[in-house]
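> Okay, handing you the structure first.
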Amino acid sequence: MKRVGVIGGGQLAWMMADAAQKLGVELVVQTPSEHDPAVSIAKETVFAPVDDASATEILAQKCDVITFENEFVNLQALSVLAQQGVCFRPSLEALAPLLDKYHQRCYLRDLGLPVPQFFALDEVENLQLQIEYVGFPVVLKARRHGYDGQGTFIIQDFATLEQKLSDESITKPLNQSFFLLEEFVPFERELAVIAARSLEGEIVTYPVVETQQEQQVCRRVIAPADITPNQVAEIQAIAHTLLNSLQVVGIFGIELFLGANGKVMVNEIAPRTHNSGHFSIDACETSQFEQHLRAVCGLPLGNPALQCAGAVMVNLLGYENSHSDYQSHRQQIAEIPQAHLHWYGKIESRPGRKLGHVTVLLDNKNRESASAIAHTIESIWYPS
Ligand code: ADP
């Protein structure tokens, strides 16, 4: 039996449980807190932060292969383990160009993939000049450790930018020289695709989805996205280029912008399972979690196709500080026909925290009916 070590014990690791059981794989998790979602499903847990490489050394002794549900790791420290023969999938080389958003943009641009105009904010003296180049609004991003819009700021004018950069509460933890500035893309829609690559180099892509963000946090996902076959083909080609170039083994999530002119640009790469692929648990023949474990364990990939006409996934985000388990809200949502509710079992709710999600299977590809169902779910979940 294969034992898979997972760095990170949040909901992404937790959702690997069913697939692990199906494939006869045991999960060993490295995560800091006993309250983290995946602790309950792990065969064993190494309690340590995800960037603690000495804990990963212990993890390595308990498993055959190590994968990631969280990429905020210390690659340099992990590379010592890789040199000693520890097997990471995807490899550390595949992660290396992606962990810093500036390096990631450079990597994608050098591969010839379409990305927004960007530059590193390392010389504040050149700021005015650089801004003139892209024009306001601009997007200021922390180069590292950003997620769910944390560390992403849409800035309308120079005064606000200077103010942000001099705001110690923002620049201190993030460090001013570790910012990226990029053009604001006036996208018509945001899209995403999940792609998997096997040990043998086989690639499969999931249906391209539409993602809807509010305050930079994903609220809903509609599968499949209502886009042209050419756009689908272009996005699939981007996924192939990227995964082949990095020799990925495992799943990657690719976030994209679709411009009003129909042009596609890559926004961000997640080198792991991704929120935009959660619909696959209930809607696809092979979930992204099973697919990831298949790739990581050297198994052939499964069929990623939808088993229904469409699906809509709604994140259940915290909207208050509370210890409630929201029993009655969950009950009401679960009663919606064709709804599959996934509750991550977090003991504490905070505004914006992902507490669970619900996927509703659809018998049509109608964007309006998907939106109407999302609206129903949100009107049950969020206080009016
Ligand atoms: P995170 O890593 O926190 O998810 P992202 O870079 O994906 O950060 O940004 C989160 C959201 O912010 C995106 O989904 C999009 O809605 C918005 N956003 C990010 N970059 C841009 C951009 N250059 N132009 C317009 N909107 C953007």
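> In debye, nearest 20: dipole of the stretch 312-384 around its Cα centre with unit charges on the Cβ of K, R (+) and D, E (-)? Kindly include the intermediate steps, with their values, before the conclusion.
On the way: 7 positive and 7 negative charges, 49 e Å.
Dipole size: approximately 240 debye.
> Arrange L293, L341 by Cβ neighbour counts within 10 Å, fewest through most, would you?
L341, L293
> Now a separate question. Can you give the extra length, in nm with one decimal, that the chain gains between Y133 and Q150 once fully stretched, where that is 0.36 nm per residue apart less the Cα-Cα distance?
3.6 nm
> So which lysines can K141 reach, going by Cα to Cα under 20 Å and dropping same-chain residues fewer than 8 places off?
Within the straight-line cut-off, K141 pairs with K101, K164, K172.
> In debye to the nearest 20, how big a dipole does the chain give about its Cα centre with +1 on each Lys and Arg Cβ and -1 on each Asp and Glu Cβ? Write down the numbers at each step before the final one.
On the way: 28 positive and 45 negative charges, 130 e Å.
Roughly 620 debye for the chain.
> Given the rule -39500 (n - 2.57) for each run of at least 4 DSSP H residues, summed and divided by the residues of the chain, what is its mean residue ellipticity at 222 nm, to the nearest 500 deg cm²/dmol? Kindly include the intermediate steps, with their values, before the conclusion.
Working: 14 runs with 120 residues, N = 384.
Here the helix-only value at 222 nm equals -8500 deg cm²/dmol.
> Also, I was wondering about something else. Can you pull the semi-axes for the stretch 80-157, root of five times each eigenvalue of the Cα gyration tensor, sorted largest first, whole Å?
They are 31, 14, 12 Å, listed largest first.
> Kirkwood hydrodynamic radius (Cα pairs, Å) of the chain?
Across the chain, the inverse of the average 1/r is 21.5 Å.
> Right, another one. For the stretch 41-123, what is the charge dipole size about the Cα centre, in debye to the nearest 20, if Lys and Arg each add +1 at the Cβ and Asp and Glu each add -1 at the Cβ?
With Lys and Arg at +1 and Asp and Glu at -1, about 240 debye.
> Then there is this: Could you work out how far apart the two model spin labels at Q212 and S384 are, taking each label as a point 7 Å from the Cα in the direction of the beta carbon, and quote it in nm?
It is 1.8 nm.
> Which residues does a label at E34 reach in the stretch 43-59, if reach means a backbone N under 17 Å from a point 7 Å past the Cα toward the Cβ?
Hits in the stretch 43-59 for E34 at 17 Å: 43-49.
> Then there is this: Run the simple label-point estimate for A159 and D363 please: 7 Å along Cα→C-beta, distance reported in nm.
Taking the simple label geometry, A159 and D363 are separated by 5.8 nm.
> Taking the alpha-carbon distance from K22 and a cut-off under 25 Å, which lysines remain once sequence neighbours fewer than 8 residues away in the same chain are dropped?
K2, K43, K62, K346
> Which of Q156, L180, V358 sits closest to the plus end of the dipole of the chain, meaning its Cα is farthest towards the positive end, when Lys and Arg get +1 and Asp and Glu get -1 on the C-beta?
Going by the Cα projections, it comes out as V358.
> Moving to a separate point now. Enumerate the calculated ³J(HN,Hα) couplings along the stretch 345-361 in order (Karplus 6.51 cos²θ - 1.76 cosθ + 1.60, θ = phi - 60°), each rounded to whole Hz, writing x wherever the residue is Gly or Pro.
x, 6, 8, 9, 9, 9, x, x, 6, 7, 9, x, 8, 10, 10, 10, 7
> Normalising by the residue count of the chain, find the relative contact order in percent from Cα pairs under 8 Å and 6+ residues apart.
Once normalised by length, the contact order is 14 percent.
> Which GluC sites (Glu not before Pro) does the stretch 171-254 hold that lie in a coil by DSSP with at most 13 other beta carbons within 10 Å?
E200, E202
> I've got another one for you. Say R0 is 22 Å: what FRET efficiency, to the nearest 0.05, do Q61 and A82 get from their beta-carbon distance?
0.90
> Follow-up. Averaging the inverse of every distinct alpha carbon separation and then flipping it gives the Kirkwood radius. What is it for the stretch 1-62, in angstrom units?
On the way: mean 1/r = 0.0893 Å⁻¹.
Taking the inverse mean of 1/r over all distinct Cα pairs, the stretch 1-62 comes out at 11.2 Å.
> Rg and Dmax of the stretch 255-370, Cα atoms, in Å?
Radius of gyration, then largest Cα-Cα span, for the stretch 255-370: 16.4, 46 Å.
> Simple spin-label model, 7 Å along Cα-to-Cβ: A96 to A233 in nm?
Distance between label points: 3.5 nm.
Readers should treat all values here as calculations from the given coordinates under stated rules, not as data from a laboratory. All figures in this text were calculated on a predicted structure; none of them were measured in a lab. Don't worry about glycine lacking a Cβ; one is built from the backbone with ideal geometry, like all the others, and counts go over all protein chains shown.
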